[in-house]
Amino acid sequence: MKVVVSRDLMEQMARHGEETYPHECCGFLLGRADGDSHTVMEARRQSNARTDSRENRFLITPEDFRDAERYARATGQALVGIYHSHPDSPARPSEYDRDHAWPWFSYIIVSVDHGRAVDTKAWQLKDDRSAYDAVAVVVEQGTRAGGST
């Protein structure tokens, strides 16, 4: 499995994490699924709907998911994953993340250390939900992954 994403989108996710620090940011990954790869064409920011523990938890409401799925369909894309930040923590999923994740989705996590994005990694939950597999991130130049700039 791999996730293909443009450098611009990677920077956009990093900035979102820095802007919301010391709270977690979150958003949707939209694009296309091709066999064992997800190509991210758009990172759509989402508000963290949590009212507590925002420094180590995020919440995306069912209504926000519905709206993102409608938007994806209307723009000829698929909802292929979610990104979020880990303030002052590594870019690897927590047990809480595992308990709330879905297999097949790509999860990009941005580690933000003292307000500065320092690392980004991608993950996919195993079908049996027992653990995550690390996913290769292919960063392409330009504004759109998998296309011309």
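Of the numbered conditions (1) open to solvent by 40 Å² or more (accessible area, probe 1.4 Å); (2) outside any helix (DSSP H, G or I), Gln12 fails exactly one; give the number of that condition.
(2)
Might you let me know whether region 127-138 holds any residue that is open to solvent by 60 Å² or more (accessible area, probe 1.4 Å), farther than 20 Å from Ala33 by Cβ, assigned to a strand (DSSP E or B) and in contact (Cβ under 8 Å) with a residue 12 or more places away in the chain?
No.
Give just the number: which of (1) in contact (Cβ under 8 Å) with a residue 24 or more places away in the chain; (2) more than 13 Å from the chain's Cα centre (by Cα); (3) outside any strand (DSSP E or B) does Pro93 not satisfy?
(2)
Quick one: which residue in Val110, Val118, Val139, Val135 is under 16 Å from Phe28 (Cα atoms) and of a type in the set (A, V, I, L, M)?
Of the residues listed, the single one that is under 16 Å from Phe28 (Cα atoms) and of a type in the set (A, V, I, L, M) is Val110.
Here's the yes/no breakdown for (1) touching a helix residue (DSSP H, G or I) at 6+ places or on another chain (Cβ under 6 Å); (2) within 14 Å of Glu24 (Cβ to Cβ); (3) open to solvent by 30 Å² or more (accessible area, probe 1.4 Å):
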| position | (1), (2), (3) |
| --- | --- |
| Gln46 | yes, yes, yes |
| Phe58 | no, yes, yes |
| Pro62 | no, no, yes |
| Ala68 | no, no, no |
| Asp88 | no, yes, yes |
| Ser94 | no, yes, yes |
| Asp97 | no, yes, no |
| Ala101 | no, no, no |
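Pairs needed: first member in region 98-119, among the hydroxyl-bearing types (Ser, Thr, Tyr); second member anywhere, part of a loop (DSSP other than H, G, I, E, B); C-beta distance under 9 Å; at least 6 residues apart or different chains.
Taking only residues 6 or more apart or on different chains, the pairs are Ser106/Met1; Tyr107/Pro93; Tyr107/Ala101; Ser111/Asp88; Ser111/Ser89; Ser111/Pro90; Ser111/Ala91; Ser111/Arg92.
With the requirement that a residue be assigned to a strand (DSSP E or B) and under 14 Å from the mean Cα position of the chain (by Cα), what does region 33-51 give you?
Once the filter is applied, which keeps residues that are assigned to a strand (DSSP E or B) and under 14 Å from the mean Cα position of the chain (by Cα), region 33-51 yields His38, Thr39, Val40, Met41, Glu42, Ala43, Arg44, Arg45, Gln46.
Quick one: count up the residues across region 44-60 that are in contact with a Gly (Cβ under 9 Å, 6 or more places away or on another chain) and of a type outside the set (A, V, I, L, M, F, W, C).
Number of matching residues: 3.
With respect to the numbered conditions (1) open to solvent by 30 Å² or more (accessible area, probe 1.4 Å); (2) touching a residue at least 12 places away in the same chain (Cβ under 8 Å); (3) farther than 20 Å from Glu11 by Cα, which one is the sole condition not fulfilled by Ala74?
Only one criterion is unmet by Ala74, namely (2).
The values are calculated or read from the model by the stated rules, or taken from the named source; none is laboratory data. Please read these numbers as outputs of a predicted model, since none were measured by experiment. Reconstructed Cβ throughout: ideal geometry from the backbone, glycine too, with neighbour counts over all protein chains shown. With ligands, DNA and RNA removed, areas are computed over all heavy atoms of the protein, side chains included. Shrake-Rupley method; radii C 1.70, N 1.55, O 1.52, S 1.80 Å.
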